[in-house]
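Below is one structure, written out as structure tokens; comments come after it.
The values are calculated or read from the model by the stated rules, or taken from the named source; none is laboratory data. Just so we're clear, the structure is a prediction, and the values are computed from it rather than from any experiment. Cβ placement follows ideal geometry from the backbone for every residue including glycine, while neighbour counts extend to all protein chains displayed. Each accessible area value is taken on the protein alone, full model and side chains, heavy atoms only, with ligands, DNA and RNA left out. Shrake-Rupley method; radii C 1.70, N 1.55, O 1.52, S 1.80 Å.
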Amino acid sequence: MSRIGRMPIAIPAGVTVDIAENNKVTVKGPKGTLERVLPEEMDIKLDGETVVVSRPNDLKRMKSLHGLTRTLIANMVKGVTDGYEKVLEINGVGYRAQKQGKKLVLSLGYSHPVEMEDPEGLETVVEGTNKITVKGIDKEKVGQFAAEIRDKRRPEPYKGKGIKYADEVIRRKVGKTGKK
């Protein structure tokens, strides 16, 4: 049995979970509403204050979908209650970020400033000039947009210049040494 899949998901106060046909799960909470169509082979039941996911048989595909389905629902519940955030740091001389309305403007050493529009349902906050926080209720969208920002200038291994996640460790390399 899937250790993750068989754990029930506790529904906090103020959150409602609706399960429609074809396993369309809608989660409403204080921060907003998320909906997602989950694999229809999985059996999702609302059991009082918990959601229980069970699988029909022990085929490999069902085993892999079991834990996934449970985690997706748990992430939706956490998203509408607490929300998700990713923190990015900009390192480098002259590299900086600023907010212009719903636009994030990055100066990353290119000949032009890089402008990125905040996607629907996400918010970016710039603290100082070198810290960007991406906030939202959908874990997938927050992670994806943070990755897109990071891709504009990935950290390089010699000086560590670029955009990195706050919890990311950059493996540094030793530069070349001069001939004596």
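Using a probe of 1.4 Å, the accessible surface attributed to residue 169 totals some 130 Å² when neighbouring protein chains are kept in position. If R0 is 35 Å, the Cβ-Cβ spacing of residue 156 and residue 179 corresponds to a FRET efficiency of close to 0.90. Quick one: angle between helix 139-151 and the longest Cα principal axis of the chain, in degrees between 0 and 90, rounded to 10, please. It works out to around 20 degrees. Of all lysines in the structure, those lying under 18 Å Cα to Cα from residue 176, and not within fewer than 8 positions of it along the same chain, are 159, 161.
Using a 1.4 Å probe on the protein chains only, how many percent of the accessible area of segment 1-106 belongs to carbon and sulfur?
Details: 3080 of 6070 Å².
Looking at segment 1-106 in its full context, I get 51 percent from C and S.
A Förster radius of 41 Å, combined with the Cβ-Cβ distance separating residue 64 from residue 118, puts the computed FRET efficiency at roughly 0.75. Divide the volume of the convex hull around the Cα atoms of segment 53-180 by the residue count and you get 165 Å³ per residue.
Relative contact order for segment 93-180 using alpha-carbon pairs under 8 Å, separation at least 6, rounded to a whole percent? Normalised by residue count, the contact order of segment 93-180 is 17 percent.
A simple spin-label model places the labels of residue 85 and residue 37 3.5 nm from each other, with each point 7 Å out along Cα-to-Cβ. When the P(r) is computed for segment 1-96, the part past 21 Å accounts for 38% of the Cα-Cα pairs. Assign one of three labels to segment 44-96, namely rounded, prolate or oblate, based on the Cα gyration tensor with a ≥ b ≥ c the square roots of its eigenvalues; rounded applies when a/c is under 1.5, prolate when it is not and a/b is larger than b/c, and oblate otherwise. Oblate is the answer for segment 44-96, as a/c is 1.5 or above yet b/c matches or exceeds a/b. Among the protein heavy atoms, those of residue 170 account for about 40 Å² of accessible surface (1.4 Å probe, every chain in place).
Per residue, the solvent-accessible area of segment 116-180 (1.4 Å probe, heavy atoms of protein chains only, all protein chains present) comes to 70 Å².
Compared with the dominant Cα axis of the chain, that is its longest principal axis, helix 60-81 is turned about 70°. For segment 10-165, the relative contact order is 19 percent, taking Cα pairs closer than 8 Å that sit 6 or more residues apart in sequence and dividing their mean separation by the residue count.
Solvent exposure of segment 1-109, expressed per residue, is 57 Å² of accessible area, with all protein chains present and a 1.4 angstrom probe.
Distance from the alpha carbon centroid of segment 14-30 to that of segment 49-86 works out to 13 angstrom.
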